[in-house]
Amino acid sequence: MLKTPFGIIRIFADGEEVEYRLMPHASQSPLAGCWRICADGAGEREFRCVLEGSTGGKVSTGEAYLAVEFVRGSCILTLGAESDSDTFSAAAKPDGIAVTFYEPAAQVVFGVAWAEDYAGGGDVRTWLAADPTL
C-alpha cells in the first residue's frame, strides 16, 4: 500500500481491491515521491488506480498518456497511465484512472509522483514523472 500526502493509493481489478508492487522511479527533477505501481491480472478487464478520499482531479493528456492531477496548496500529486492503445483504453475518474482492456490482461502499470513545492501551471515535474511510458 502506498501512502501519499494526499491519501492511500488503492488498485481495483474488476471492482475487487488487489495487491500491487511498488517500484521506485528515478525522476530528473526533485520530487517528494515517484513510483510505478504494477498490478497483476488473472484475466481481469478493468483496473482502477484510486486516490482514496479524493475527488475532482484535473485531467491532463499527452501523446498516448493520460494523467489526473490533484492539487492542495503547494502540493501536487499526479496519477498517470498509458492510453490510446489497440489493446486497452484509459479514462479519467474523479478519484483516479481506469484502464479497460479489450481482452483479459496480465498486468497494468500506473505512475504516481508528487511534489510539495508546486509552483503552479508551468510546473510539469509530476506530470512528466508519472508517465509510465517514459
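The values are calculated or read from the model by the stated rules, or taken from the named source; none is laboratory data. Being a predicted model, the structure only gives us computed values, none of them experimental. Reconstructed Cβ throughout: ideal geometry from the backbone, glycine too, with neighbour counts over all protein chains shown. The accessibility values were calculated without ligands, DNA or RNA, using every heavy atom of the protein model including side chains. Shrake-Rupley method; radii C 1.70, N 1.55, O 1.52, S 1.80 Å.
For this structure, a couple of remarks:
- 11 Å beta-carbon shell around A90, net charge (K/R +1, D/E -1): -1
- If the Kirkwood radius is taken over C-alpha pairs of the chain, then at 37 °C and 0.692 mPa s the Stokes-Einstein diffusion coefficient equals 226 µm²/s.
- Only Lys, Arg (+1) and Asp, Glu (-1) charged, at Cβ; the chain dipole about Cα centre in debye: 400 debye
- The fraction of accessible area contributed by carbon and sulfur in the chain is 50 percent, rounded to a whole number (1.4 Å probe; ligands and nucleic acids excluded).
- Calculated [θ] (222 nm, deg cm²/dmol) that DSSP helices of n ≥ 4 give over the chain, each run adding -39,500 (n - 2.57): -500 deg cm²/dmol
- R10 - accessible surface, heavy atoms, 1.4 Å probe, Å² rounded to 10: 50 Å²
- Average Cα contact separation per residue, the range 1-84, under 8 Å, 6 or more apart, as relative contact order %: 24 percent
- Accessible surface computed residue by residue for the chain, with neighbouring protein chains in place and a 1.4 Å probe, gives 50 Å² per residue.
- Counting Lys and Arg as +1 and Asp and Glu as -1 over every other residue whose Cβ lies under 12 Å from the Cβ of V68, the net charge comes to +1.
- Taking all protein chains together, D40, D131, D95 sort by accessible area into D40, D95, D131, largest first [probe 1.4 Å].
- Among V112, A81, Y65 - extreme Cα towards positive end, dipole of the range 55-134, charges at beta-carbon: V112
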